[in-house]
Structure formats: C-alpha cells, structure tokens
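Written below as structure tokens is the structure these notes are about.
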Amino acid sequence: MSHLRLSLIVAALLMLAHVQALAQDAPPFKDAVRKFADARKAIATYELLLTINERGRPQRATDGVLYPAVSEPVVTLEIAADLKSDRLLVAEHQINDGKKVLKRLDVRTPKYSISERDSRGSIMPPGNHRIDGYFDPLALGIAAIGDMSRGTSLAGVVRNYMDWPSLESQLLADGIIQYGEDDGETSYLLFLDAKRGYSPIRLRDYTGHGGVFRVDQLSSLRDGIWLPASAIVEEPERIRMMQFEWRTVNSSIDERFDLPEIEATYDIDLIDKR
C-alpha cells in the first residue's frame with residue numbers, strides 16, 4: 001500500500017471519527033427541546049414590550065394581476081405574564097403617524113377575564129378565550145406555525161414535540177446544533193445554540209401547498225436567562241419583524257392585574273358583569 005493511499009485512508013478514518021464524535025456530542029432532538037424548556041423554567045413572571053412591523057407579500061389575483069406588498073401599521077404588544085398563578089395581560093396598540101392607539105386589551109386570571117375592543121370592555125367571569133395575534137414569546141423560534149398562531153404555551157409546544165420521531169442531528173461550529181435535514185427548501189429544520197440555553201436560532205417548516213414558515217432569531221442574556229431580542233418571522237402571506245424589550249423578569253407584577261390600575265393605565269371604563 002502506497003504512502004499516499006495510506007494517508008488518504010487515515011484522513012478518511014479521522015474525518016469519520018470526527019463526524020461520529022460530533023453526532024455523539026449533540027443530544028437527541030427531544031432531549032434538546034427539553035433542555036431548551038428547562039433553561040426557561042426559572043421564569044415565573046415577566047413584562048415585555050414587543051414591537052412588530054408587518055409587511056404582506058405580493059399577491060397575484062385570479063386575473064393574473066400582481067398586487068404589491070402592503071405594510072401594516074406598527075403594532076406593539078404589552079405583555080404581562082405570571083406563569084405561576086396563570087395570569088396574562090395583553091394590550092395591543094397601533095401606531096399611526098406617531099400616534100399610539102389602544103386597539104384591544106385581553107386579561108385572563110383565575111378570578112376574572114377582560115376582553116376590551118376600541119374602548120368598550122367588560123369584566124367577566126374567568127375564561128380561557130383565545131387572544132388573537134398573541135403567541136407565547138418564550139416559545140418563539142421553536143413553535144411551528146400552528147402552535148404560534150394558536151398561542152400554544154411553551155409547555156404545550158414541548159408536549160407536542162414529544163410525539164415526533166427522532167430527527168437527525170449535527171453539531172456545527174460554536175455549539176450550534178442542527179436538527180432535521182437541510183434539503184434547501186421544504187423539510188423541517190431547527191438550529192439551537194447549546195451555549196445559550198439551547199435557544200433557537202433558525203426554524204424552517206413546510207406549511208403545505210408550497211408554503212414555508214421561517215423564524216430567524218437573535219437572543220440576549222437577561223437576568224441569567226437567554227431570551228429573544230429580535231426576530232424575523234416569515235409566513236406565506238406576510239413577514240413580521242419583531243423587537244423585544246424585556247422590562248422585568250421575575251419581579252412582582254401584581255399591580256398589573258389590579259382592576260383600578262388597569263382602568264387608569266389604559267384610560268378605559270370597564271363594566272363589571274361577573
């Protein structure tokens with residue numbers, strides 16, 4: 001056997017051993033999802049200001065006319081969440097010409113619920129109504145499009161993934177792990193950052209009928225926990241650019257659910273129908 005051929009065989013064996021070692025270092029898909037959720041279990045409460053710039057995609061009508069993309073008004077979501085006592089407040093504002101207008105307010109607690117639209121709202125008995133436009137920010141980047149649009153909680157997203165088959169994994173540079181096969185377009189693909197609490201970096205999922213759902217996300221460290229800092233969310237009909245301002249994490253937010261405080265903060269009068 002020539003020295004060159006022996007060198008090539010040794011190099012190939014070393015490369016194979018390196019690839020196998022990388023695969024062994026990458027935890028299985030379901031374990032990685034659990035690690036991601038565990039890294040955020042320390043979050044009991046948070047207040048978040050989420051700013052969303054949305055742009056529709058160009059649409060072709062049945063007569064063949066191509067209509068240009070339309071930019072929607074800037075939307076902000078004020079979110080106050082107490083995960084331990086199951087309390088959630090979501091206030092949506094629209095910003096037009098620099099003017100901020102409250103479009104809706106939803107509050108869910110074990111004691112009461114509020115659903116306010118355009119300055120008309122009521123205090124109702126407890127309910128679990130779906131909040132349009134809301135998604136769990138703690139699950140962004142790992143939630144598929146259906147879970148995101150339904151507002152499925154991080155715990156619910158994790159439970160759904162436990163029913164999935166195992167996915168191929170590959171450990172890339174700097175602790176980035178790829179799950180799924182990169183065929184260039186349609187297959188499920190998820191990148192997690194093991195060095196940052198297994199935070200998602202990129203998600204791509206096929207939505208059917210030729211559609212693709214993508215999330216590209218950056219994270220930042222807040223109180224020892226890696227949380228979303230910015231994201232671009234692409235759906236077949238629209239693209240949303242998001243900026244996250246985590247105002248508090250694990251601080252008391254009881255005042256956010258005090259009814260007189262809610263009325264004063266949002267300048268509304270609520271009718272008590274409990």
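Data for the structure
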{"quantity": "Strands (runs of 3 or more DSSP E) wholly inside segment 180-240 that include at least 2 residues being more than 23 Å from Ala26 (Cα to Cα) and among the small types (Gly, Ala, Ser)", "calculated": "225-234"}
{"quantity": "Scan of segment 184-205 for residues that are modelled with pLDDT of 90 or more and either among the acidic types (Asp, Glu) or under 14 Å from Pro228 (Cα atoms) (or both), ordered by number", "calculated": "Leu192, Asp193, Arg196, Gly197, Tyr198, Ser199, Pro200, Ile201, Arg202, Leu203, Asp205"}
{"quantity": "Some residue of segment 7-25 being part of a helix (DSSP H, G or I), open to solvent by 20 Å² or more (accessible area, probe 1.4 Å), farther than 25 Å from Met242 by Cβ and at pLDDT 95 or above", "calculated": "no"}
{"quantity": "One residue from Val101, Val107, Val90 being modelled with pLDDT of 90 or more and open to solvent by 20 Å² or more (accessible area, probe 1.4 Å)", "calculated": "Val101"}
{"quantity": "Complete set of residues in segment 223-249 that are within 14 Å of Ile79 (Cα to Cα) and open to solvent by 50 Å² or more (accessible area, probe 1.4 Å)", "calculated": "Gln243, Glu245, Arg247"}
{"quantity": "Lone unmet requirement of (1) of a type in the set (A, V, I, L, M); (2) under 23 Å from Pro228 (Cα atoms); (3) outside any strand (DSSP E or B) for Leu167", "calculated": "(2)"}
{"quantity": "Among residues of segment 153-168, those that are more than 15 Å from Tyr206 (Cβ to Cβ) and open to solvent by 30 Å² or more (accessible area, probe 1.4 Å), counted", "calculated": "9"}
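The values are calculated or read from the model by the stated rules, or taken from the named source; none is laboratory data. Keep in mind it's a predicted model, so treat the numbers as computed, not measured. Counting neighbours? That spans all protein chains shown, and the Cβs are built from the backbone with ideal geometry, glycine included. What goes into the accessible areas is simple: the full protein's heavy atoms, side chains included, and nothing from ligands, DNA or RNA. Shrake-Rupley method; radii C 1.70, N 1.55, O 1.52, S 1.80 Å.
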